[in-house]
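Contents: one structure, followed by commentary.
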Amino acid sequence: MLYFRTKPDPVFMVLVDWALQCELRNFRRISTDNDLDAWFVEYPRLEPIFTPYSAMVALEDLLRAHAQATVYRPTDFHWLTIYECLKNYCLWHNDRLLETGEPFLLLQGYRFGFLEFENILERYFWDQDFLTLPPTHEVGPHCECWSSETTSTEDLSLGLRPHPSHLRFTVVQETAWYVPEPQECGQWRLP
């Protein structure tokens, strides 16, 4: 499982799994078609960091880690990917509810109504420092070379993709989950 700020309950685990699976299909489509224009347009935050193929591999790694009983600490690159996947899924999900007029969508036996992405961020993400990775316009021409000597942020500022060593999960030995205060009964919006 991934080391979120709050220990994920089964409902959130399903939401994360579904969001990652949906984006994985899109990453595969873009990678198979080698459609770099679509990659740039659909994923402007991920484009300076990943190629469509490397994003697909990183997302497959995330899904494997998410399904494990061991707790893994994602890197900033993984957090950015999770952020994008959840944001895109919440947008799609909420649009779908508005289009169909249905009060909820069923995902693996759970009913999901309107999803508040900001609430998900507040509850499950430690911080949003990963959003400060250099934006597209600050990154120079891409080079498929890697530097294992520099930090991952320096790699990006030089226009390099992250070295594979910067995409390794860390096993969390002792978890320190945040325990939120109980909320009122009848809450209609996640989380």
So A38 clears everything in (1) under 15 Å from L80 (Cα atoms); (2) assigned to a helix (DSSP H, G or I) except one condition, right? Which one?
(1)
Residue, surrounded by the most Cβ atoms within 10 Å (Cβ to Cβ), within the stretch 41-72, restricted to residues that are under 20 Å from L15 (Cβ atoms) and of a type in the set (D, E, K, R)
D61
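Would you call L80 modelled with pLDDT of 95 or more, under 11 Å from the mean Cα position of the chain (by Cα) and surrounded by 17 or more Cβ atoms within 10 Å (Cβ to Cβ)? Walk me through it before giving the result.
Working: modelled with pLDDT of 95 or more: no; under 11 Å from the mean Cα position of the chain (by Cα): yes; surrounded by 17 or more Cβ atoms within 10 Å (Cβ to Cβ): yes.
It is false that L80 is modelled with pLDDT of 95 or more, under 11 Å from the mean Cα position of the chain (by Cα) and surrounded by 17 or more Cβ atoms within 10 Å (Cβ to Cβ).
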Options D9, D33: the member that is closer than 20 Å to F125 by Cβ and surrounded by fewer than 20 Cβ atoms within 10 Å (Cβ to Cβ):
D9
Residue satisfying all of: in the stretch 72-112; in contact with a helix residue (DSSP H, G or I) (Cβ under 6 Å, 6 or more places away or on another chain) and aliphatic (A, V, I, L, M); farthest from D61 (Cα to Cα) among these
L107
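The values are calculated or read from the model by the stated rules, or taken from the named source; none is laboratory data. Everything numeric in this text was worked out from a predicted model, so none of it was measured. As a convention, Cβ positions derive from the backbone with ideal geometry for all residues, glycine included, and neighbour counts pool all protein chains shown.
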